[in-house]
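Here the structure comes first, spelled out in structure tokens, and everything after it is commentary.
The values are calculated or read from the model by the stated rules, or taken from the named source; none is laboratory data. None of the values given here were measured: they were computed from a predicted structure. Virtual Cβ from ideal backbone geometry, glycine too; neighbours counted across all protein chains shown.
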Amino acid sequence: MQRSCIQRIGYPVLRSQSGVLSNRMLLLYALLFLVGLVLLALHTTAAMSAAQPPVLIKMVDMPPTFEPGQVTIKAGQSVEWQNVGNEVHHATSDPALAIKSSEVANPQGVQPFDSGFLRPGETFTHSFPKPGIYKYTCVVHEAKGMTGVVIVK
């Protein structure tokens, strides 16, 4: 009696009454295999985006600016603002805190972010789970044009 390749490596073979794998069983095995591949791909993608370091934006004194002024990231990534100057800085997308509410923006349904005042050497990190355009400002230096943009794809 000849055994199948699958039986030789220790896996049982389900057979129909006629002794042959049914089309339904083959379809079930194929679907289970595809579901496994999809789950593996989702896990790998999530692990890769979680493992990415935050994008760094420096807060500079002269002239007061965010460097770079615009960044593009993927949904789920984080941005870290680092005060590299000698003055206090701030990063917020909250229209209630901005001098001009047109200087800041968040995608619909997204809560604004706010770093609070950052002293020299301090940092603030924020994760952006939803795609869209986030406009933010330094409330201390908004009048001097210290604004920035995070584009999340």
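General remarks:
- In region 79-137, the residue that is nearest to P53 (Cα to Cα) out of those that are more than 16 Å from the chain's Cα centre (by Cα) and among the hydroxyl-bearing types (S, T, Y) is T123.
- Members of region 124-148 that are surrounded by 16 or more Cβ atoms within 10 Å (Cβ to Cβ) and either within 17 Å of K74 (Cβ to Cβ) or not hydrophobic (A, V, I, L, M, F, W, C) (or both): H126, F128, G132, Y134, K135, Y136, T137, H141, E142, T147, G148
- Candidate set: region 111-123, residues that are touching a residue at least 24 places away in the same chain (Cβ under 8 Å) and of a type in the set (A, V, I, L, M, F, W, C); chosen: the one surrounded by the fewest Cβ atoms within 10 Å (Cβ to Cβ): F117
- H90, sole failed condition from (1) in contact (Cβ under 8 Å) with a residue 12 or more places away in the chain; (2) of a type outside the set (D, E, K, R); (3) more than 27 Å from M62 (Cβ to Cβ): (3)
- Residue check for A91: touching an Asp or Glu at 6+ places or on another chain (Cβ under 8 Å) and of a type outside the set (D, E, K, R): yes
- Qualifying residue in region 54-65 (condition: modelled with pLDDT of 90 or more and over 30 Å from G132 (Cβ atoms)): yes
- Counting only residues that are in contact (Cβ under 8 Å) with a residue 40 or more places away in the chain and in a strand (DSSP E or B), region 66-86 holds 11 of them.
- Checked against the criterion of being in a loop (DSSP other than H, G, I, E, B), surrounded by 13 or more Cβ atoms within 10 Å (Cβ to Cβ), among the β-branched types (V, I, T) and at pLDDT 95 or above, region 87-106 contains one or more residues that satisfy it.
- Each residue in region 141-152 was checked for being over 17 Å from the mean Cα position of the chain (by Cα) and either in contact (Cβ under 8 Å) with a residue 60 or more places away in the chain or part of a strand (DSSP E or B) (or both), and 6 pass.
- Scan of region 107-127 for residues that are within 20 Å of V152 (Cβ to Cβ) and in a loop (DSSP other than H, G, I, E, B), ordered by number: P107, Q108, G109, V110, Q111, P112, F113, S115
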